[in-house]
Amino acid sequence: MTKIISTQYMQQTIDQAVCELKLGNAVAIPTETVYGLAADATNGEAVAKIFQLKNRPSFNPLICHVDGMMMAAKYGELNQTAEKLVEAFWPGPLTLVVPLSKSSDAHDLVTADLGTIGLRCPCGISQKIITQLGHPIAAPSANKSGRISPTSALHVANEFEETELLIIDGGPCAVGLESTILRIDGDTLTLLRPGAISAQQIEELTGLKVLSLDTNIQSKTKILAPGMMTSHYAPNANVLLNCKTCEADAAWLGFGCDNVDTALTLNLSKTGNLTEAASNLYAYLKKLDKAAIKTICVAPIPMHDLGIAINDRLKRAAAPRNKIIETAL
Ligand code: TXA
Ligand code: MG
């Protein structure tokens with residue numbers, strides 16, 4: 001059985017979470033992006049439990065969540081570019097993949113033995129939990145592998161109904177999409193996953209070009225983002241993208257003032273606000289899925305700002321299931 005606790009008595013909740021983590025148990029934590037399934041990153045058995053709970057392939061590394069620059073520097077090698085990005089965007093929705101530091105005691109399962117580590121500092125109660133634990137926490141999104149990420153405590157509870165799991169309810173996630181992931185390799189920056197921090201913001205701050213996975217030739221021969229399954233964030237229903245009209249018997253997921261009206265219609269943002277759309281995306285896909293329809297038709301979402309990340313997730317939700325992007329594994 002899952003147990004949901006609120007953050008009303010903040011210190012008590014932090015104590016309870018830290019106690020569970022020290023016992024080697026998983027705890028579901030709220031972050032500004034999506035809910036995470038957290039374990040002490042230095043405890044191999046605890047990290048293994050996360051892979052088991054998620055049915056996650058073990059070649060897929062986990063993001064190591066730290067409480068700030070100091071802890072990050074113990075685990076990853078931060079060059080000047082990394083430090084600039086940390087100062088500007090942490091705590092916040094940016095994950096940096098950097099060379100693994102010699103002083104790291106993160107378990108090999110966290111890094112999948114790639115020689116790099118994904119570091120991120122979350123906002124709010126999760127940052128406080130990490131500080132009190134004194135170790136980073138490894139936390140993938142709190143969903144079964146390949147499924148939609150949870151943006152509320154209830155989503156997590158539904159996903160792990162049968163599991164003994166403490167869930168910390170921090171309310172709905174502000175961003176609603178997973179963090180931007182940026183690989184830093186000297187002066188070469190590669191965007192591994194688009195998110196709320198845009199490539200443009202990163203370029204403006206660092207003065208360096210941000211390559212996409214397609215343009216960085218190296219990414220074709222090296223595993224840069226083993227978690228980049230083509231099919232990911234997938235609802236049960238088939239998803240059709242850039243629809244102008246809705247197919248018969250399908251549900252409609254709209255954006256802006258479209259006039260499509262079917263028996264089952266949800267609108268990501270009637271005013272065409274991409275931030276609102278991002279925060280609603282996963283909750284709405286789950287809602288439509290609950291209605292057990294076969295197909296979800298999605299309106300076109302503009303390809304700028306958060307629209308880039310929304311389209312990235314939608315493309316994966318629409319992809320044939322269980323196909324893995326070609327990487328040299
Ligand atoms: O917003 C987020 O990032 C959420 C919250 C909970 O922090 N976490 C999250 O974790 O989305 P996850 O495991 O669902 O996605 C992390 C992605 C995976 O695709 C994984 O392959 C990639 O990050 N990743 C982690 N460490 C990496 C590394 N060292 N090199 C390349 N990719 C890495
Ligand atoms: Mg995930």
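The values are calculated or read from the model by the stated rules, or taken from the named source; none is laboratory data. Everything numeric in this text was worked out from a predicted model, so none of it was measured. Virtual Cβ from ideal backbone geometry, glycine too; neighbours counted across all protein chains shown. When the accessible area is computed, the model is the full protein with side chains, heavy atoms only, and any ligands, DNA or RNA have been set aside. Shrake-Rupley method; radii C 1.70, N 1.55, O 1.52, S 1.80 Å.
In table form, for the structure just shown:
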read-out: Descending semi-axes in whole angstrom, ellipsoid equivalent of the range 125-217, from the Cα gyration tensor; value: 31, 16, 13
read-out: Of all DSSP beta bridges in the chain, antiparallel share, percent nearest 5; value: 40 percent
read-out: Nitroxide proxy distance, nm - points 7 Å out along Cα→Cβ at residue 291 and residue 303; value: 2.9 nm
read-out: Degrees separating the helix 274-290 axis from the principal Cα axis of the chain, which is the longest one; value: 70 degrees
read-out: For the range 65-157, fraction of C-alpha pairs farther apart than 15 Å, in %; value: 62 percent
read-out: Residues in the range 38-70 that a label on residue 84 would reach, taking backbone N under 20 Å of a point 7 Å out along Cα→Cβ; value: 69-70
read-out: Listed residues 73, 139, 153, most fluctuating in the chain (Gaussian network, C-alpha, under 10 Å); value: 73
read-out: Accessible carbon and sulfur surface of the range 58-151 relative to its total accessible area, %, 1.4 Å; value: 51 percent
read-out: 1.4 Å probe accessible area per residue over the range 39-116, in Å²; value: 43 Å²
read-out: With every protein chain in place, the range 241-329: carbon and sulfur % of accessible area (1.4 Å); value: 53 percent
read-out: Total lysine pairs whose alpha carbons fall under 25 Å of each other in the range 1-134 (8 or more apart, or interchain); value: 17
read-out: Restricting the range 1-107 to trypsin sites (Lys or Arg not before Pro) in coil, as DSSP defines it, with at most 15 other Cβ within 10 Å; value: 102
read-out: Charge dipole (the range 116-171, unit charges on Cβ, about Cα centre) - positive-most of 163, 153, 127; value: 127
read-out: Solvent-accessible area of residue 145 with every protein chain in place, 1.4 Å probe, in Å² to the nearest 10; value: 40 Å²
